[in-house]
1. Using Cα positions and a limit of under 16 Å, work out the aspartates and glutamates in reach of LYS165, with same-chain residues fewer than 8 apart set aside.
2. Calculate, for TRP329 and ALA404, the FRET efficiency according to 1/(1 + (r/R0)^6) with r their C-beta to C-beta distance and R0 22 Å; round to the nearest 0.05.
3. If you look at just the Cα atoms of region 199-248, how large are its Rg and its Dmax in Å?
4. Neighbouring Cβ atoms within 10 Å as the yardstick, rank ARG377, ARG368 fewest first.
5. Return, in residue-number order, each cysteine of the chain whose C-beta is not under 4.7 Å from any other cysteine's C-beta.
6. If you build the Cα gyration tensor of the chain and take the root of 5 times each eigenvalue, what three semi-axes come out, in whole angstrom, biggest first?
7. Please report the net charge: other residues with Cβ closer than 13 Å to the Cβ of LEU374, K and R +1, D and E -1.
8. First measure r as the distance between the Cβ atoms of ASN64 and ALA347, then evaluate 1/(1 + (r/R0)^6) with R0 = 45 Å and state the FRET efficiency to the nearest 0.05.
Amino acid sequence: MAKTKEKVPPLTGFRDLVAHLEKGSKPDRSTWRIGTEHEKFAFYKDTLEPVPYDGERGIGALLNGLAEAYHWQRVKEGENTIALKQGMASITLEPGGQFELSGAPLEHLHQSCTETGEHLTQLRDVAGKLGIAFLGLGFSPIWSLEETPIMPKGRYKIMRDYMAKVGRLGRQMMFRSCTVQTNLDFGSEADMVKKFRVGIALQPIVTALFAASPFAEGRLNGFLSYRGHIWTDTDPDRTGMLPFVFEDGMGFERYAKYALDVPMYFVYRGGKYIDCAGQSFRAFMDGKMPMLPGERPTDKDWEDHLTTIFPEVRLKTYLEMRGADAGPWSRLCALPAFWAGIYYCDAALEAAWSLVKSWTAEDREALRRAVPVLGLRAPIRGIKAGDIAQAALAISRQGLKSRARLDNSGMDESHFLAELDDIAASGITPAERLIERYNTEWGREVKPVFEACAY
């Protein structure tokens, strides 16, 4: 007799939403991990065109090729392979075909950088045979929105339709931007709050250090981090610097209240995404969602909803740092190094808090809006973002030295900050270096970036 599938119990009230976040606390810091996520643009080497999903040389063929050659498990939506899994790591697709590795939670940065290297080696092997290469930039440098392919994932159609209603640049974010992010743990509610505050405040500094999106549609776009600018006009309900994080009473409950009032995108049922865009999760909790009358959400629905919120730091059962443009391999390793050095050493976290605790909500927002244009020259309370960057890097470096996680040659994790140290000391962002090449050796032509910034 066939075994009947056990019905997942619905959430019973607000307390369940808070409990979901609380279970992320890890009092034993030996269990703290580092997860790195990085996106890149796929393009055909011979034409520099974006790679569509379908076809013998498409994204679908690339995913299936990786599955066959390197024993990744396919994740299907209908007939299409739309992701791959291997242990705790996964390969996923962003709406415009941006190719993302969501790395496994690892103990130290040497493992994280090895994981990144192995991923890029596998991609070069399989994609190379298809004539596909990958570009490490924060924004698509030559393709228009109309030229950018759309991946066959149900949730993205829902998001695409809704984005046009709530912000001017949301579709640009979805289809034409790339980021590198890192996911880090917290020990308690108080530890989460302090890390959240430091993370939000320093996120624009990270945007400046990683700024690498000065081109769009074959010309300069007027920004150093156009990706950073896009987030200021995507969807005010689910993005931004979250001033409430700095208020008294901040904790798991306060974040759950915020998330509860962020409009929904979808509910996943029976292998399909049901369009609930703009609906209230509160109404869902009360069984009053028009699309699913009488039905109440499960813990998985809440987990899905939390992934549709895009502030500069995002809370799930860990903290997700979201401020950086994508870049070369060296900077993919530098981002988790920067944050782990600050977050995983108590003295470093306290020093970082001392650096930013006097800033007001207005200071933080002004810095966030200035950095995409001015980079490390952006002002904050009479000094430059570059000065804060150097101070934060010194704190992170000491934190990494205190962690004393050594590789086989006896090096600690602090060497992963070397490129960021150079950027901060010079005051020149990666974007400004690209603009200089565009204006000189490239003869005001953007296409050479596909060679300069390819993996």
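1. ASP233, ASP235, ASP237, ASP275
2. FRET efficiency, TRP329 to ALA404: 0.35.
3. Spelled out, the Cα radius of gyration and Dmax of region 199-248 are 13.2, 47 Å.
4. Taking fewest neighbouring Cβ atoms as first place, the list is ARG377, ARG368.
5. Cys with no partner Cβ under 4.7 Å: CYS178, CYS276, CYS345, CYS453.
6. Semi-axis lengths for the chain are 31, 29, 23 Å.
7. Computed value for this residue: +3.
8. 0.40
Values in this text are rule-based calculations from the coordinates and carry no lab data. Because the structure is a prediction, the values reported are computed rather than measured. Glycine gets a Cβ as well: all are built from the backbone with ideal geometry, and neighbour counts include every protein chain shown.
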